[in-house]
Amino acid sequence: MTVAKGDDEATPGIELGVVASEFATVKVTLEQGGSGARLRVEDLRADAVRYLDALELESLVWAPEDWWRRLLDPSLHRWRDAGRGPEIESLPPG
Amino acid sequence: MTTTLGSSRPTPEGLRGLVQPDRVHGSLYTDPAIFAAELERIWYSTWVYVGHVSEIPRPKDYVRKTIGPQQIVMTRDTDGGVHLLQNRCAHRGNLVCEADRGHSGSFRCPYHGWTFSNTGDLLGAPFNQGYGGREGLKELGGLATVPRVGIYRGFVFGSLAAEGPTLEEHLGAAAERLDRLARLSPEGEVELTAGFVQHEVEANWKMLVENETDGYHPQFVHSSIFSISGSSIGDLYSDKSTAVTRALGGGHSENDLAPEFRRLGVPMGWAGTPESKIPDYVAQMRDVYGTETGDEIMINGSPHIMIFPNLFVAEIQLFSIQPLAVNRTVQHVTAIQFKGAPDLNRRLVTQCVGSVGPAGMLLADDAEMYERNQRGVEQLRPEWLDLRRGLGRETTDDDGYTIGTATDETSMRSMWSHYLTLMDPQPATAPQESTVEGAQA
Amino acid sequence: MTVAAQQIVDGTPAPTAGNDTGTVTPIGVDEAAQFLYREARLADAHELDAWEALWTDDALYYVPIDDTADPMTSMSIIFDNRGRIATRIKQLHTGRRHAQRPPSRLCRTVGNVEVLGVEGTDTVVTSVVQIVESRERGTRFWAGRVTHKLRRTDDGLRMSTKKVVLVDSDRPLLSLSFLV
Ligand code: FES
Ligand SMILES: [Fe+2]
């Protein structure tokens, strides 16, 4: 699976900093441009980027603890056996 | 009587022969088989001090700690609960956490990517079809947790045994000393935020435990620093001192210096810090506790207590003792910090740094003695270490505890008596228990 | 954190062309190296008074655990001002500093000497030190990155700061009771 790259790499932004632990290193930038603001989240260890809009971020805030636990499962998306399991494993309801 | 054990496992009878009321056998410090038995019967069964809640203030904080040679990760869950996990992946046993501390709600093993929550649950493994998909993960384990975690005044203790006395029972009278320590903060809380010096010594861990409340050694081991710094600490441990050595039961002991501090009668006199240097702290203490109580707290000072088997609070510094081998021990040392007392805390850090650690003007000399002592007891004769000092002049205080003078070996005798009850849970002869250890809390 | 402590902590000197008054002759790498060698020799030989005399009055002798931490609020291995350096030397002179009875036998190499720049009246010099220490308990190897701040005075070169970042500073260390 690939992570969506940004459409517009040149958008100026305020670099908020790097959030790092021994397990991950991620750069977070607040970008203001186009018709609104977004958060640029970059995995510095793997060169992948995700853009998050306000509603997506708000949804993260409201996501239940179980959902977050599922998200941390390496098999959920990034390290899955391609073609050997269901395309997307169903998430438990809540 | 058997006085040497060879390399076979020590039997209860053998141990009883080695630990006597007035002497202990040298092999207790040198025999790898005894060390192995100690790990099992003491370090992996009784309550052991692990860390302090202030080291993981926020949810998802974690810090690496130890219980003897065991690697532990102390974590804070989203609800604020404290967990002790063994740092060993459920897959093939890799160390999961490498950093000394960090902030992460989950841990991903670097070997094959198994991912665990900070409470130890397995959250997933990469390419899980090899385990029959997500359902199959239920068969796989998570990180092992330390079965019992207890917190007293922010001090986190762990017991690797599922059953046993409660932490309160284990601490007994020691708990009140931790209360006394915490009261020195205007907010009633100790914080361990200064980080740790790790000082290794080539000596058996019991050399350290015994030395911590040995009031007989300071005049000799530390005379160099006492003589040039004009410190009066040496006088606290003399034949004229009104301080006492007290056996608190459970292997715990203290040098109760409060009588001497009260004689001084000066707030913070025990810390060698005049009121004028820490006006904010003194004012706040009087404000919070009232002038009379505040002054009393500041005059009585901080405890000097060895909480068996590994937590030593020496007024302004805290030591955690970690045995690694029969002749290898690490002391993790930090300056105690009092919440809400920034001016005092800075002084405590600089004072502590001068005294402790590998280059410390006090502790390097203690360490030298541990190491010489270790090499000494490796010699064949006279086989025994003497424990008689003050045996004939012990008394019982109002609370029923056995006390000796400031320089007596009361604390060591009580440590060994408790040691025997842990190493040999069913003693054949009970009498030495009551005569040596005194009252229990 | 004090300015001095901050400078120690980040170790980055101010740019060469800055607050240099221009009245002092700059300290070159050869002169700096000669000073470092002499300092090393005096420490190895336990020439305590001669070693102590190398310090300025605003001295800072610092062996951190974590080179990025604030030494006023974090534990260090050594964090001595001039007064405490004097105490340390006096303690060694008593003959009752047990951790140095008998004194360690020492042999150190100073290398990779570079002048990094000038900071006020001080020249910042970096080097690497490797020390072999022999005691009855065995022979130990110590190594670290050293920062000196050297100052030209009427009595010759003096050091106002010596910071030693040991490669194993945050690991368990055996006693380090000699002058590192
Ligand atoms: S050992 Fe940890 S994932 Fe394999
Ligand atoms: Fe001591």
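Bear in mind that the values in this text are calculations on the coordinates, not laboratory data. Keep in mind the model is a prediction, meaning the values are calculated, not measured. Note that we place each Cβ from the backbone using ideal geometry, even for glycine, and neighbour counts take in every protein chain shown.
Calculated translational diffusion coefficient of region B:55-152 (4 °C, 1.567 mPa s; Stokes-Einstein with Kirkwood radius over alpha-carbon pairs) equals 95 µm²/s.
Helix-only estimate, please: 222 nm mean residue ellipticity of chain B, summing -39500 (n - 2.57) across DSSP H runs of length 4 or more and dividing by its residues, to the nearest 500. Walk me through the numbers on the way to the answer.
On the way: 15 runs with 130 residues, N = 441.
Mean residue ellipticity, 222 nm, calculated: -8000 deg cm²/dmol.
Sequence gap at least 6, Cα distance under 8 Å: using those rules, report the relative contact order of region C:40-138 to the nearest whole percent. Intermediate values should be presented prior to the final figure.
Working: 109 pairs, mean separation 22.1, N = 99.
This gives 22 percent for region C:40-138.
Counting pairs of alpha carbon atoms under 8 Å apart in space and at least six apart in sequence, what relative contact order in percent does region B:55-152 give? Relative contact order comes out at 24 percent.
Size of the dipole of the protein assembly as shown about the Cα centre, Lys and Arg at +1 and Asp and Glu at -1 on the beta carbon, nothing else charged, in debye to 20? Before the final figure, lay out the partial values.
Values: 71 positive and 98 negative charges, 295 e Å.
The dipole of the protein assembly as shown has a size of about 1420 debye.
For the segment B:109-120, counting C-beta atoms of other chains within 10 Å of every residue's C-beta and taking the mean gives 2. For the peptides B:332-345, B:81-94, residues were scored by their other Cβ atoms within 10 Å and the scores averaged per peptide; the highest-first order is B:332-345, B:81-94. Which FRET efficiency value, to the nearest 0.05, do you get for B:Leu95 and A:Ala24 by plugging their Cβ-Cβ distance into 1/(1 + (r/R0)^6) with R0 = 25 Å? Approximately 0.90, to the nearest 0.05.
The HN-Hα couplings worked out from phi for region B:38-51 by the Karplus form 6.51 cos²θ - 1.76 cosθ + 1.60 (θ = phi - 60°) are 5, 4, 5, 8, 10, 5, 9, 10, 7, 6, 10, 5, 10, x Hz, whole numbers, x standing for Gly and Pro. The residues neighbouring C:Asp66, those whose beta-carbon lies less than 10 Å from its own, together hold a net charge of -4 under the Lys/Arg +1, Asp/Glu -1 convention. Placing a pseudo-label 7 Å from each Cα along the Cα-to-Cβ vector at B:Asp239 and B:Arg153 gives an inter-label distance of 3.5 nm. Here the Karplus curve 6.51 cos²θ - 1.76 cosθ + 1.60, taken at θ = phi - 60°, turns the phi angles of region B:215-232 into couplings of x, 7, 8, x, 4, 9, 5, 10, 4, 4, 7, 4, 5, 8, 8, x, 5, 9 Hz, with x standing for Gly and Pro. For C:Glu119, the amide hydrogen comes within under 5 Å of the amide hydrogens of C:Val124, counting only partners 5 or more places away or on other chains and with H modelled in the peptide plane.
The 3J(HN,Hα) values that the Karplus relation (6.51, -1.76, 1.60; θ = phi - 60°) gives for region B:136-141 are, in residue order, x, 4, 4, 6, 8, x Hz. Gly and Pro appear as x.
Other protein chain C-beta atoms within 10 Å of residue C-beta, averaged over B:347-354: 5.
Each of C:Asp58 and B:Arg263 was given a label point 7 Å from its Cα along the Cα-to-Cβ line. The distance between the two points is 4.4 nm.
Approximating the spin labels as points 7 Å out from Cα along Cα→Cβ, the A:Thr11-to-B:Ala36 distance works out to 6.4 nm.
Relative contact order for chain C: 26 percent, from Cα pairs under 8 Å spaced at least 6 residues apart, divided by residue count. Separation of region B:318-385 and region B:237-256, taken as the distance between their Cα centroids, equals 19 angstrom. Summarising the amide proton neighbourhood of B:Gln20: residues at separation of 5 or more, or on other chains, whose placed amide H is nearer than 5 Å comprise B:His25.
For A:Thr29, neighbours were defined as the other residues whose beta-carbon sits under 10 Å from its Cβ, and their charges (Lys and Arg +1, Asp and Glu -1) total 0.
Peptide B:198-211 has a mean of 2 when you count, residue by residue, the C-beta atoms of other protein chains within 10 Å of its C-beta. Per-peptide packing, taken as the mean over residues of other Cβ atoms within 10 Å, places C:172-179, B:19-26 in the sequence C:172-179, B:19-26 from highest down. If R0 equals 45 Å, the separation of the Cβ atoms of C:Ser134 and B:Asp22 corresponds to a calculated FRET efficiency of about 0.70.
Measuring from centroid to centroid over Cα atoms, what is the spacing of region B:20-79 and region C:158-180 in Å? After rounding, the separation between the Cα centres reads 28 Å.
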